[in-house]
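Working notes, beginning with the structure itself.
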Amino acid sequence: MNEITQLKAIIVDDEAHARALIREYLMQHSDIQVVAECANGFEAVKAASELKPDLLFLDIQMPKLDGFEVLDLIGRDAASVIFTTAYDEYALRAFDVHAVDYLLKPFGAERFDEALELARVRIRKRDALPIRELLDTHREGAAIDRVLIRNRSNVHVIPVEQIDYVEAQDDYVSIRAAGRSYLKEQTLGELEAQLAGKGFLRIHRRYVLNVSRLAKIELSEKDSRIAILNDKTELPISRSGYTKLRGLL
Amino acid sequence: MHPILANARQLGMYLLAYLPIGIVLVIGLGHRDAWGTAAAFFLPLTMLYAFIGLSAYYLCLAFPISSDQPVWRAVPAHMSAAACVGALCVGAAWLWAAVLESLNIGLQPQVFIEQPWLLFVVGAVLFWLAIALHYVLIASSASQRSEQRALESGLLAREAELKALRAQIDPHFLFNSLNSISALTGSDPPSARKMCLLLADFLRDTLRLGATQRISLREELSVVQRYLAIEQVRLGARLKVDCAASEPAGGGYLPALLLQPLVENAVLHGIAHLIDGGTVTIGAERQGAALLIRVSNPSDPARPRRPRAGLGLLLVRQRLQSEYGAAGQLHTREEQGEFVAEVSLPFTEKEEAADE
């Protein structure tokens, strides 16, 4: 390819000065076109899903969603990501573990150009970020306290204590919370692991229940059991699920 | 253990120092035609004496010289010890002469023990010298030790100070501020300079105010306002400040930089998470014998949690506890999108050290 490919970039940082600095450094690079600037996580998810940028400059600490949560939600909508952070031991460790490049604020034009060149190479080689591994290392096995769901360009934040139960549906999970259902692309086992220690229990191959929502257990015909929730919803309980539930109650 | 015996190199040098004494004895008391006899007699005895001399160390330890134990009190003990050593010298010389003679190799050292009183005096006087040398040795190693201790404790104090400083200044704040300066340098140089100066003033305050010092609330609030001015450059219009302390409260004293972490929390975990920002409100009043300070800020209950959040509050609580015991309290609550931290501590009007 001899012609210069234009790359679409989005700058995400809650500080106007920090965004301006990246814009200033980018003036030396005519192949990069800034298509959006975002000041918080919600805007970033919306812009990334609508504009499908080649490159995302992503700050870690921001209102609404932090950089890792943004990454989790946009998935492969951005071809390449350059993280920027002032100081965050946990984030830096995750980056180092997975050999992901990042910019430490304050950074100079030289270091910026270097990071940009690395990103160009990744984009050209279609070399994708190890998103799942990065998120897992950063979370360090700690339970989540909210579930994030993207519905096209909108983001729903569901605090885990609002979840009644989760149902597996092929490659998705359906999360029932506050009278509504939300679909999220995730396996039930994965979500179950993230909710460990938050009062949830796998009562059936296809269901994870918030135990505090359980009203009673009823015996249906053929010695199988049904969980009746406070809102009268009925969920099946498997034999092993019943054993675990009895151990808990 | 004896410090000279503990170190082989030192022991070697110590024994070497006795060699001239042995040579003097050989030359002074030997005969022109019997140098061999004199050397065989005096040199081993000198080496033996060197070891006897080491025992002066324990005598010096038993009778230390200090202001309440003057040296003359030890004189009788030293004199009797010297007499014993003198007698020991005579006995050892007599025994060694008998041994050399019985070897039948032509040595006749009997001539040297014909004047036992001379051996006695030499042994006793040299022992006094050994005692004097040991006092010097003990004094110099004690001063070395105390010097080392002073150096070590100085280092420890410095380290504690640096640790306190690291805890006070959030690296995230520092590096973000530097990044703002870097950004402003290109777009708005006067603002960049202003921010540099603000940051310098704030760092100077933090360095100057040790962790043990107490300052007036008025002073503390001026440090806090410097901090907030820096964050206002960084966060722009998102951060507003309302700081008011009633007059009697402003004169009350508190541990330096006690409020700083609370205000930092209000910005970092409060305002920085709000898209439109909000106001950090600081108020203080005197209520009878107590000083009440309140820091509040709007907050987003659904904010992404940062690891180690709450460490700042824990440190403030520990500090209040160690300075005032049960009289120092920190209460926090978060409801309806507002976070409130309330400190109460005994009202004191001057700088009073906590533990003295």
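The values are calculated or read from the model by the stated rules, or taken from the named source; none is laboratory data. In this text the structure is predicted, and so the values were computed from the model without any measurement. Note: ideal-geometry Cβ built from the backbone for every residue, glycine included; neighbour counts use all protein chains shown.
What the table below lists for this structure:
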{"quantity": "Qualifying residue in the stretch B:247-257 (condition: farther than 30 Å from A:Asn40 by Cβ, in contact (Cβ under 8 Å) with a residue 40 or more places away in the chain and in contact with a Phe, Trp or Tyr (Cβ under 7 Å, 6 or more places away or on another chain))", "calculated": "yes"}
{"quantity": "Candidate set: the stretch B:177-213, residues that are loosely packed, with under 14 Cβ neighbours inside 10 Å and aliphatic (A, V, I, L, M); chosen: the one farthest from the other protein chains (Cβ to nearest Cβ)", "calculated": "B:Leu207"}
{"quantity": "Single residue of the stretch B:214-241 satisfying the filter (aliphatic (A, V, I, L, M) and not in a helix (DSSP H, G or I)) that is surrounded by the most Cβ atoms within 10 Å (Cβ to Cβ)", "calculated": "B:Leu239"}
{"quantity": "Residue satisfying condition, being more than 9 Å from chain B (Cβ to nearest Cβ), crowded, with 23+ Cβ neighbours inside 10 Å and farther than 14 Å from A:Ser80 by Cα, within set A:Ala36, A:Ala47, A:Ala9", "calculated": "A:Ala47"}
{"quantity": "Residue tally, condition more than 14 Å from A:Arg120 (Cα to Cα) and modelled with pLDDT under 95, over the stretch A:1-17", "calculated": "6"}
{"quantity": "Condition met for A:Ala142 (among the hydrophobic types (A, V, I, L, M, F, W, C) and over 14 Å from A:Leu26 (Cβ atoms))", "calculated": "yes"}
{"quantity": "Of the criteria (1) surrounded by fewer than 17 Cβ atoms within 10 Å (Cβ to Cβ); (2) free of Cβ contacts under 8 Å to residues at least 24 places away in the same chain; (3) within 14 Å of chain B (Cβ to nearest Cβ), which one A:Arg19 fails", "calculated": "(1)"}
{"quantity": "Where B:Leu311 falls short, out of the listed (1) of a type outside the set (Val, Ile, Thr); (2) touching a Lys or Arg at 6+ places or on another chain (Cβ under 8 Å); (3) without any contact (Cβ under 8 Å) to a residue 12 or more places away in the chain", "calculated": "(2)"}
{"quantity": "Single residue of the stretch B:74-130 satisfying the filter (free of Cβ contacts under 8 Å to residues at least 24 places away in the same chain and small (Gly, Ala, Ser)) that is surrounded by the most Cβ atoms within 10 Å (Cβ to Cβ)", "calculated": "B:Ala74"}
{"quantity": "Residue match in the stretch A:85-102 (condition: more than 27 Å from A:Val147 (Cβ to Cβ) and either surrounded by 21 or more Cβ atoms within 10 Å (Cβ to Cβ) or in contact with a His (Cβ under 6 Å, 6 or more places away or on another chain) (or both))", "calculated": "yes"}
{"quantity": "When residues of the stretch A:116-143 are limited to those that are crowded, with 18+ Cβ neighbours inside 10 Å and among the aliphatic types (A, V, I, L, M), the one farthest from A:Arg19 (Cα to Cα)", "calculated": "A:Leu134"}
{"quantity": "Test result for A:Ala44, under 19 Å from B:Pro304 (Cβ atoms) and assigned to a helix (DSSP H, G or I)", "calculated": "yes"}
{"quantity": "Matching residues, the stretch B:290-333, being under 22 Å from B:Lys240 (Cβ atoms) and of a type in the set (Val, Ile, Thr)", "calculated": "B:Ile293, B:Val295, B:Thr332"}
{"quantity": "Those residues of the stretch B:242-269 which are out of contact with any Gly (no Cβ under 7 Å at 6 or more places or on another chain) and more than 12 Å from B:Glu220 (Cβ to Cβ), in sequence order", "calculated": "B:Asp242, B:Ser246, B:Glu247, B:Pro248, B:Ala266, B:Val267, B:Leu268, B:His269"}
{"quantity": "Test for A:Gly75: is it of a type in the set (Gly, Ala, Ser) and within 12 Å of chain B (Cβ to nearest Cβ)", "calculated": "no"}
{"quantity": "Residues (more than 14 Å from chain A (Cβ to nearest Cβ) and among the hydroxyl-bearing types (Ser, Thr, Tyr)) located in the stretch B:282-334", "calculated": "B:Ser296, B:Ser322, B:Tyr324, B:Thr332"}
{"quantity": "Filter result (exposed (fewer than 13 other Cβ atoms within 10 Å of the Cβ) and either more than 18 Å from B:Ser296 (Cα to Cα) or among the acidic types (Asp, Glu) (or both)) within the stretch B:308-333", "calculated": "B:Arg308, B:Gln318, B:Ser322, B:Gly325, B:Ala326"}
{"quantity": "Considering residues of the stretch A:131-150 that are modelled with pLDDT under 85 and touching a Phe, Trp or Tyr at 6+ places or on another chain (Cβ under 9 Å) only, the residue farthest from A:Phe83 (Cα to Cα)", "calculated": "A:Glu140"}
{"quantity": "Residues (over 18 Å from the mean Cα position of the chain (by Cα) and within 14 Å of chain B (Cβ to nearest Cβ)) located in the stretch A:158-180", "calculated": "A:Glu161, A:Gln162, A:Ala177, A:Ala178"}
{"quantity": "Filter result for A:Asp54 (acidic (Asp, Glu), buried (at least 23 other Cβ atoms within 10 Å of the Cβ) and either on the phi < 0 side of the Ramachandran plot or facing chain B (nearest Cβ under 9 Å) (or both))", "calculated": "no"}
{"quantity": "Test for A:Tyr182: is it of a type in the set (Phe, Trp, Tyr) and farther than 23 Å from A:Gly141 by Cα", "calculated": "yes"}
{"quantity": "Residues (within 11 Å of chain A (Cβ to nearest Cβ) and crowded, with 23+ Cβ neighbours inside 10 Å) located in the stretch B:247-271", "calculated": "B:Gly270, B:Ile271"}
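Conditions (1) under 26 Å from B:Ile23 (Cα atoms); (2) in contact with a helix residue (DSSP H, G or I) (Cβ under 7 Å, 6 or more places away or on another chain), marked per residue:
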position: B:Phe51; (1), (2): yes, no
position: B:Tyr58; (1), (2): no, no
position: B:Ser66; (1), (2): no, no
position: B:Val71; (1), (2): no, no
position: B:Met79; (1), (2): no, no
position: B:Val90; (1), (2): yes, yes
position: B:Trp94; (1), (2): yes, yes
position: B:Ala130; (1), (2): yes, yes
